[in-house]
Every structure is written in structure tokens, then in C-alpha cells.
Amino acid sequence: MKDTRSHVARRTVLGFLAVGTPVLASCGMSSSSNPSGEESSSAGGEAVTALNVPLSAPLALVNPIKDTAAGGYVYSALFESLIFTQDPDGLKPAIATEWVQAEDGLSWTFTLDPTRTFHDGTPVTADDVVFTIMAEKDPTSPHAGTLGNVSAVEAVDPQTVKFTLTTPNSAIYAILGAKYILPRTYYESVGPEGFSAAPIGCGPFAWAEAIAGGGAHLSRYDGYTGFEQPLQDLFFTPVTSAQSQVAGLESGDLDVVPDLATSQIDRISQTDGLEVAEVEGAPVSFIAFNALSAPMNELAFRQAVSYAVDRQALVDVVMGGHALVATGLITPPVIGFDDTRPEPEYDVERATELIAQTSYDGTPLRLTYPTSVLVNADQVAQSVASYLDKIGIATELVAIDYTTFLQQWAAKSFQGLYIMQYKNGTDADTIISSLYARGTRVLFDDAELFDLVDASRRATGEDRLGVLADLEERTIGEQQWYAPLMFPNAVAGVRTGVPYEPNPFNPTFVAYE
């Protein structure tokens, strides 16, 4: 067998600003409150032991197998995957201490850390890994398509699990890094609903109690044997509007707003006791099409939409300069980003000519977007609608909460067009598994593109980077299945003294150094 640990354990992240890992060290700050009335920090140089953080949408359920919203930073604290894939410097061991790829590329074997336990004290075993992966592979699971080329999962022994693939996948770790391992015995005994009411994971923080309205209080799990965690408690409370989140920072009810709307940056910067933390981010915002129906199934229509949008104006005006024009869906900090791709052209005349070649008859088309996670959502959607109106495309703006948006996305039920922001992992296969691969959430049919996805998973090194460049060109340049908009920066609002810096991939309150 071929040992790939030295190859995958640390990779250079292209284009990353070297200030992005979260730092959860001790420091002093003014006192702030949490829902239970305890202090989250203290004056006089004492350690910060708790943080109050807003959720942009309530937790509909707490179950990684069933949840399309993925739980965000609550999940990353409560649960853990085989490999930690959110470190800008590369992969780090989590439940698995090492992983080996077979010479033929058709299997991967993971060795589990024998000291890892779930929050009820039971050991994490290969049987739990098999259970979790097979549950996500079930056709009824909203995540089934992301594991399409995993044909079998086998518990070789309690600390060893083997994945067998239908085709080689050199980036399987990127997919498995998003799969939180759950306790089989407990899950089967209480069922999906019982698990969501009283979840048990193996992450650094355990479920303490639900907070009214869809929030959660997590407490540090003393049985956790991974990286030392300086925080004792995390309080996550739903605060859905950007203005209310900033007001919470100002009042001291919140300590960190990890996904700060750029429209609120000036307000934070001008307020004593508050700071803005910002790094180049890994998310991408884009327009997508239901290309299974007309006129979205016509290339000229999709190209017209792309030509119609002035992305630089979106960056400068809507984002206030806190973003880059997107050249594709694979973003600058991600392995596989192609820095030779040109920016999309803005050409109203060309867009108008293309629309005249389509079957579009002026009927308003739905333009759906989420009210949170998509930075400055209303302004972005309204701007896009205005640009489309200039070339004769009428739209009906449909704003929905993020949880509902993800449910509709997973069900592939969008009509017309939709705007989305996707948070990449450290490797391009994270977004490929959701937005490019056959059998996933794609609303188009492109055999050539699907073959390129398979080729990208068979290739390694520079060969793989070349295939990924071809894949982006097919998706964006030739077929325009998506119209990239922007690469938003990762921006956070922080109370002075709170030890937090943004992660370019996903906000996290877990120390991994």
C-alpha cells in the first residue's frame, strides 16, 4: 500500500493571507452576559472562558445526518470528523490519526485514535464510522450524492476503517472532513428526533442545554483528547438581522459576530470597545440556474445573465471593497484555485444580443436567495435583479430563510434562478461534491463535466490541478452552468479583548493548534 500521509498532511494554500487561524488564548476584557446570567469574561486580565455568539438562523434540528443546514459553528464544536479540514495550513488529524491510500487508489484505510470517546463516555469505534457513512449514503439522506463513489465501508477492527471506492479519489479526505461521526448505539436507541433533542458527539464541546428560539449552550467536554480548548462554554443564540447582531455587540450581550455584514463594518469601526477582524475568504457567491427547464436550459440565456452583471460594481458598492470579483467557484485559498482564469466580462450590449437569440418571452422568473449567510443578501439580490432588468429579463425576488433555502437546494426544487453563497473547504473537491458531480444537487445534465469530475479524483499533483482548471473552464467558460459573482472576505465583529480571528473557510470556536 502507498502511504499518503506525508503528501496530504500539509499543503500550501494559494492566495491565503497569513492571519486566518482562530486564536483562543486567554486575555482580559470587559464583562458581558449570557442567557444563563453567567459572566462570559472578566476584567483585570482574567481568562476569557465563555463566548456569546449569534446564529443567523435558528437550529431547526441538531442532526448532521438529516440536517441540510449543517449546523455551522455549533456542529464544529459539538461533533468531529475523521480529519480536520478547516485549517488554512492543511489537514490535521481528528478522530483518525493516520490514513493510507491503496496503490490502485480504490481504497483508503483510516486508523482511529483509541483515546477518543463520545460525550457519554463510550469509545469512538470503526463501527460508529461505518454507521454514520452508510446513513449518509442512504438514498433518503440529503447528503447521499456527496458519497457517490464510496461503494463500501468496512470496520476492519475497532480502530480501523476501510473505504472502498468505485473510482479513485485522491481528495476523499475533503469529503470525509465534512462527515461528523455519530454514536451508533445511542442514535439507534433514541432515533433521529430523540438524537436532535439530546445530541451526543465526540467534539471538544458537549451539549448542555437548548436555548429558547433555536439556540444552544455547549460546555467543554473534559474527556476530549484532541487539542486543548481554553474556552469553557459557548452560547449560541438566534439573532437573524445584521443590525441586531451589531446591537448585541454594542450592548455586551454578544462577544463575536463571526459573519459580519460588510454594511455594518463602519458602525463597528467607529464604536469604542469593538473591532473588525478580516481575512481573504474562501466563500463564493454565484448565480445558479434550473437548467432542466427553459429558458435556463439555453446556453445563450445563461451567458446573457453572466454578461449582464457588473461584478466590480458589486464589489465596490455593495461590498464596500471587502470582496474580490469571482473568476470561478473554486476560491483563492483553496487547493485547485486557478489564478490564470480571467474575470467575467461585463457587456450589456452582448447580453442583450444573446437574450434576443433565446426563447425567453418576458415572463418574470423567480430569483430565490437566502436572507442570511449570503453577505448583504438583499442588496446583492436587488442589484442582480436590476442588472437583469436592463437586458429585458424580468425577475420575481423570493427571499427565504437559510434553513428553508438549503432544504430546497438539497431537494433540487428551485425554479428559475437562485443566488447562493457556498463556503469552500481547503480542497476543491468540497465544492465539486456539491455543485459539479453527477447525482448531487446539480440542476443540469453534462456528461463531459461529470467525466472531468471523475478524472479530477483519479489525478494527483500537477495533473490534478490541470484537470481542475479544465473542469472550471467547462463549468464557467463553456457551459455557464453557474455565473460566479464574488469571493467575499471573512469578516467578523469582535468585542475588544475577545481572542478570535476569522477562519477563511468556516467560522470556528474550536482551537486546533
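For a footprinting-style exposure proxy, rank L435, L417, L254 by other Cβ within 10 Å, fewest first.
Going from least to most buried by this count: L435, L417, L254.
Give me the percent relative contact order of the chain, please, defined on Cα pairs under 8 angstrom at least 6 residues apart. The partial results should precede the final answer.
Values: 1173 pairs, mean separation 119.1, N = 513.
For the chain, the relative contact order is 23 percent.
Please give, to one decimal in nm, the separation of the simple spin-label points placed at E98 and S219, each 7 Å out from Cα toward the Cβ.
3.8 nm
Can you bin the stretch 181-330 into rounded, prolate or oblate? Criterion: square roots of the alpha carbon gyration tensor eigenvalues sorted a ≥ b ≥ c, rounded for a/c under 1.5, prolate for a/b above b/c, oblate for the rest.
oblate
Sort M134, M420 so that the residue with the fewest other Cβ atoms within 10 Å of its own Cβ comes first and the one with the most comes last.
M134, M420
Identify the GluC sites (Glu not before Pro) of the stretch 334-377 meeting these criteria: DSSP loop state and at most 12 other C-beta atoms within 10 Å of the C-beta.
Here the sparse-neighbourhood loop sites are E345.
State, to one decimal in nm, how far the label point of T160 lies from the label point of E349, with both points 7 Å from Cα in the Cβ direction.
A separation of 6.8 nm, rounded to one decimal place.
Once label points are set 7 Å from the Cα along Cα→Cβ at both Q270 and K390, what is their separation, rounded to one decimal in nm?
Roughly 2.9 nm, to one decimal.
Which entries in the list K92/K412; K137/K423; K66/K412; K92/K162 go over 24 Å, if you measure between the two C-alpha atoms of each? The partial results should precede the final answer.
Details: K92/K412 33 Å; K137/K423 22 Å; K66/K412 16 Å; K92/K162 19 Å.
Listed pairs above 24 Å: K92/K412.
Do you know the relative contact order of the stretch 283-488, to the nearest whole percent, from alpha carbon pairs under 8 angstrom that are 6+ apart?
This gives 36 percent for the stretch 283-488.
With a cut-off of at most 12 other beta carbons within 10 Å, and DSSP calling the residue loop, which chymotrypsin sites (Phe, Trp or Tyr not before Pro) in the stretch 298-380 qualify? Please list them.
none
To the nearest 20 Debye, how big is the dipole of the chain about its Cα centre, given +1 on the beta carbon of each Lys and Arg and -1 on that of each Asp and Glu?
Roughly 580 debye, rounded to the nearest 20.
Find how much the distance from A47 to T115 grows on full extension, using 0.36 nm per residue of separation minus their present alpha carbon separation; answer in nm with one decimal.
Here the answer is 21.7 nm.
Multiplying the sequence separation of T496 and L292 by 0.36 nm and subtracting their Cα-Cα distance, what value in nm do you get?
68.4 nm
Please say if the chain is rounded, prolate or oblate, where rounded means a/c under 1.5 for a ≥ b ≥ c the square roots of the C-alpha gyration tensor eigenvalues, and otherwise the choice is prolate for a/b larger than b/c and oblate otherwise?
Cα axes put the chain in the oblate bin.
Which Cα, out of L78, L388, P295, lies furthest along the positive dipole direction of the chain (beta carbon charges, K/R +1, D/E -1)?
So the residue furthest toward the plus end is P295.
Find how much the distance from A247 to L397 grows on full extension, using 0.36 nm per residue of separation minus their present alpha carbon separation; answer in nm with one decimal.
The A247-L397 span can extend by a further 51.2 nm.
Let a ≥ b ≥ c be the square roots of the eigenvalues of the Cα gyration tensor of the stretch 283-488; is it rounded (a/c under 1.5), or, if not, prolate (a/b larger than b/c) or oblate?
Working: a/c = 1.43, a/b = 1.34, b/c = 1.07.
Verdict is rounded for the stretch 283-488.
Taking the Cα centre of the stretch 283-488 as the origin, how large is its charge dipole in debye, to the nearest 20, when only Lys and Arg (+1) and Asp and Glu (-1) carry charge on their Cβ atoms?
Values: 14 positive and 28 negative charges, 125 e Å.
Rounded to the nearest 20 debye, it is 600 debye.
Could you calculate the FRET efficiency of Q232 with Q357 from 1/(1 + (r/R0)^6), where r is the beta carbon distance between them and R0 is 51 Å, rounded to 0.05?
The value I calculate is 0.25.
Restricting attention to the stretch 256-343, which trypsin sites (Lys or Arg not before Pro) occupy a DSSP loop and are surrounded by at most 11 other Cβ atoms within 10 Å?
none
Where does each of V375, V153, V442 land when they are ranked from fewest to most other beta-carbon atoms within 10 angstrom?
Placing the least packed residue first, the sequence is V153, V442, V375.
For I265, what charge total do you get from the other residues with a beta carbon under 13 Å from its beta carbon, if Lys and Arg give +1 and Asp and Glu give -1?
Details: positive: R267; negative: D259, D266, E275, E278.
Spelling it out: positives minus negatives among the neighbours equals -3.
Which percentage, to the nearest 5, of the DSSP beta bridges contained in the stretch 283-488 is antiparallel?
Of those bridges, close to 60 percent are antiparallel.
Please report the spacing between the Cα centers of the stretch 364-430 and the stretch 93-114 in Å, no decimals.
Going from one Cα centre to the other spans 37 Å.
Bear in mind that the values in this text are calculations on the coordinates, not laboratory data. Because the structure is a prediction, the values reported are computed rather than measured. Note that we place each Cβ from the backbone using ideal geometry, even for glycine, and neighbour counts take in every protein chain shown.
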